[in-house]
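One structure below.
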Amino acid sequence: MANWVEHPAGEARVIDKIIRELMDTNEEFKRLWIDLLSILPKADIPAEVFDSEADYNRYIADRNDQSGSTIGTLAEIYVRSLQEQRIANWLWVHSVEFEYEKQISFEEEDGSQRFVQPDFHYPLTDTFHEHFAINADGSSPFDNYLEHMQGKRAGYKREELDFFETTSAQARDGTLLQRLEAELVKRDIPLIEKSTEEILKAIEPVVITHYQKLIGVCIKHIRASQLTLEMLLERAKSLHDKPRAQHFARAVWLITQAYSRKLDEAKRIDFDSMIGDAVRLVETGRYQSPYSLILVDEFQDISDPRANLIKALKHQKPFTKVFAVGDDWQSIYRFAGSDITIFTQFEANFGACWQGRLEQTYRCNQLLADTAARFVQRNPAQITKTVRSTRAGIPRSIRVIPVTVEWRKPSFPAACFQLLERLDTFLESIAGQWRQQEGHKLKVLVLWRYNLLDPFGGQIPQFSNIEVTGLSFHRSKGLEADYTVLLDVSEGDYGVPSRIEDDELLNLVIPRPETYAYAEERRLFYVALTRASRGTFILCNRRKPSRYIRELCEIADDDVRFEAVDGKELDQCPRCLVGQMVERQGRNNTTFYGCNQFPECSHTQKTTRLSGEKICRQDRERPTTLQVK
């Protein structure tokens, strides 16, 4: 067995080493890898694929504010589409000076002035560049867009301005950047590519991690299913972002070849090789199974190669039975190659079966259990179950804490530490209710979606009444604590749900994608939500609360409490459920209360729903707002 598979991080280190070696020795790979990281970090998926405009905007945007949904670039400007991001990043990589949406004016034929904002302006040659949302057939998905486009074209011609255009059709067929380069070269605009070191330094670490995780999954499937480059490129034609898929297919093929050579040179195999060899030995009869009963634990994480081994053993020996145990609600390892349909469609895969349900939980209280169960079962593909807890429900044991987030400032660590100190102080005041012996502490899990959110930096703080552990959502599976703190449950590429985890590139190697939006992310949040027995604190960006928070409010209603990090109850917006009512100034110096999610939510009212007196009375009535039972 190859020694790098004996440690969970071993394979990742080997893949990283292969990438670095290929960067030094293979120019084709170097170009592909740099392009994937800098120019193609995210799939450009058409708006019509999404259920609503809001979902599309959530997918594309790094931030949402009154100027609309905007997307960050390596040039440190915000643009309005992923195709414009692709252009801006390419220009940055090639050191081209440009201005985005610089306002200029045209004189119309009737003498009136028309103000326009060209997408890109190149000051070196005073060239204007429009990227038009035009399909290959000349149509546009936007109302009145063609008339607007023709007006711009006519204006540039009348003013005798240097102008060229690119289109969405070129982005879709992969000719966009070639066209852009040709137009700039024609104008003698120098293209000086930044150094590899400078480009890599500008890439967010999570982008690199994301691609490396994708590569790890693809290597397993390519080797296990004996896929060829031609097969990958053919599958790439079925994806929405074909240029990105083709880039990735070529890059991952080169990495897989290098990975296989490394195994051959070391005269070793990995787990996937071992499983594949075992399947062939059983299917050819070179191995005769002595087993009449096959027991499989954690069956929700089963992958195709492992399922094939089970099937081979079952079919070889008559009357062999398979006993599988698992929870489809906790299937969270698609990135490791697991396929939940093997579990949820067990009978189709393994034949007629008996299905039993273990529906009692000893971990979270009944309120959390009920809320989480209804949340995960909003995906109709999940198996229906009723969960009964041995712990009574604790009212308002779900706390949402909106955090003011400043750009590039560590807002969540500060809020997390403040919350932990508050919890420690509160528990000290009621120690007689829970402390069983001297030195006894309650357990707190601080959980995050991505490790870059780790607030502790390896230095776990010490408290008198709580024992704190920090982990990712994935690593928390199987664990439990008295309280949990979930960090940055907000909308975003690296938020909750993570928009990049359902990357369509997985469909190059996994033929059965789930149809429910963010299906695995929903299950992952379910896992994080159910680690606590007494209560959970959900910290979110106050301007971008996760859609999952709204769902929890719809399910649990008043048992979800919105509060500041110091514990003061906030006035929750009754319309959107995730905003807070804040004082705002109207016309003629009038004061009113409006939702802080404006313009997404325009709810207003004359006064706040809760007076300060009522909040204080509620706190007195509920001394167990951090309940202990």
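For Met149, the conditions (1) at pLDDT 95 or above; (2) among the aliphatic types (A, V, I, L, M); (3) touching a Ser or Thr at 6+ places or on another chain (Cβ under 8 Å) all hold with the exception of (1).
Of all residue pairs spaced 6 or more apart or on separate chains, those with beta-carbon atoms under 7 Å, a first member in segment 191-210 that is part of a loop (DSSP other than H, G, I, E, B) and a second member that is open to solvent by less than 50 Å² (accessible area, probe 1.4 Å) and among the small types (Gly, Ala, Ser) are Ile203/Ser38.
Would you mention how many residues in segment 171-190 are of a type in the set (Val, Ile, Thr) and assigned to a loop (DSSP other than H, G, I, E, B)? It would help to see each step written out before you state the result.
Of all residues in segment 171-190, those of a type in the set (Val, Ile, Thr) come to 175, 185, 189.
Then keep just the ones that are assigned to a loop (DSSP other than H, G, I, E, B); that gives 175, 189.
Qualifying residue count for the region: 2.
Among the residues here, Arg531 qualifies as touching a Leu at 6+ places or on another chain (Cβ under 7 Å) and charged (D, E, K, R). For segment 238-280, which positions are closer than 17 Å to Arg172 by Cβ, part of a helix (DSSP H, G or I), of a type outside the set (S, T, N, Q) and open to solvent by 60 Å² or more (accessible area, probe 1.4 Å)? Correct list: Lys242 only.
If you go through segment 432-459 and keep only what is surrounded by 14 or more Cβ atoms within 10 Å (Cβ to Cβ), within 25 Å of Ile208 (Cβ to Cβ) and among the aliphatic types (A, V, I, L, M), you end up with Val446, Leu447, Leu453.
Of all residues in segment 299-324, those that are without any contact (Cβ under 8 Å) to a residue 60 or more places away in the chain have Cβ atoms under 9 Å from Cβ atoms of residues that are among the polar types (S, T, N, Q) and open to solvent by 50 Å² or more (accessible area, probe 1.4 Å), 6 or more apart or on another chain, in Gln316/Gln288; Lys317/Gln288; Lys317/Ser292; Phe319/Ser292; Thr320/Ser292; Lys321/Ser292. If you go through segment 570-582 and keep only what is in contact with a Ser or Thr (Cβ under 6 Å, 6 or more places away or on another chain) and of a type in the set (D, E, K, R), you end up with just Asp571.
Considering each residue of segment 111-170, count those that are assigned to a helix (DSSP H, G or I), polar (S, T, N, Q) and exposed (fewer than 15 other Cβ atoms within 10 Å of the Cβ), and give that number.
Residues in segment 111-170 being assigned to a helix (DSSP H, G or I), polar (S, T, N, Q) and exposed (fewer than 15 other Cβ atoms within 10 Å of the Cβ): 1 in total.
Determine, yes or no, whether Ser397 is small (Gly, Ala, Ser), in contact with a strand residue (DSSP E or B) (Cβ under 7 Å, 6 or more places away or on another chain) and open to solvent by less than 10 Å² (accessible area, probe 1.4 Å). Yes, satisfied. Put simply, of Gly276, Gly285 the only residue that is touching a helix residue (DSSP H, G or I) at 6+ places or on another chain (Cβ under 7 Å) and either touching a residue at least 24 places away in the same chain (Cβ under 8 Å) or on the phi < 0 side of the Ramachandran plot (or both) is Gly276.
For segment 461-489, a residue qualifies if it is within 16 Å of Arg523 (Cα to Cα) and under 16 Å from the mean Cα position of the chain (by Cα), and the qualifying residues are Ser472, Phe473, His474, Leu486, Val489. Scanning segment 534-551 finds one or more residues that are under 18 Å from Thr371 (Cα atoms) and open to solvent by 50 Å² or more (accessible area, probe 1.4 Å).
For segment 193-200, does any single residue satisfy the condition of being surrounded by 14 or more Cβ atoms within 10 Å (Cβ to Cβ) and within 30 Å of Ala9 (Cα to Cα)?
Taking segment 193-200 first, the residues surrounded by 14 or more Cβ atoms within 10 Å (Cβ to Cβ) are 194, 199-200.
Adding the requirement that they be within 30 Å of Ala9 (Cα to Cα) leaves 199-200.
Within segment 193-200 (the criterion being surrounded by 14 or more Cβ atoms within 10 Å (Cβ to Cβ) and within 30 Å of Ala9 (Cα to Cα)), the answer is yes, since at least one residue qualifies.
Among the helices (runs of 4 or more DSSP H) confined to segment 1-96, the ones with at least 2 residues that are modelled with pLDDT of 90 or more and surrounded by fewer than 16 Cβ atoms within 10 Å (Cβ to Cβ) are located at 10-25, 27-38.
In segment 157-185, of all residues being small (Gly, Ala, Ser) and out of contact with any helix residue (DSSP H, G or I) (no Cβ under 7 Å at 6 or more places or on another chain), the one that is farthest from Asn89 (Cα to Cα) corresponds to Ala169.
Is it the case, given these coordinates, that Ser429 is open to solvent by 30 Å² or more (accessible area, probe 1.4 Å) and farther than 19 Å from Leu552 by Cα?
On the way: open to solvent by 30 Å² or more (accessible area, probe 1.4 Å): yes; farther than 19 Å from Leu552 by Cα: yes.
So Ser429 fits the description; yes.
Taking the conditions exactly as written (in contact with a strand residue (DSSP E or B) (Cβ under 9 Å, 6 or more places away or on another chain), under 30 Å from Glu359 (Cα atoms), surrounded by fewer than 20 Cβ atoms within 10 Å (Cβ to Cβ) and acidic (Asp, Glu)), does Asp297 satisfy them or not? The answer is yes for Asp297. Just need a number here: residues in segment 451-485 that are not charged (D, E, K, R) and not in a strand (DSSP E or B). Final tally of qualifying residues: 19.
The values are calculated or read from the model by the stated rules, or taken from the named source; none is laboratory data. As the structure is a computational prediction, the values presented were derived from the model and not from experiment. Glycine also receives a Cβ, built like all others from the backbone with ideal geometry; neighbour counts cover every protein chain displayed. When the accessible area is computed, the model is the full protein with side chains, heavy atoms only, and any ligands, DNA or RNA have been set aside. Shrake-Rupley method; radii C 1.70, N 1.55, O 1.52, S 1.80 Å.
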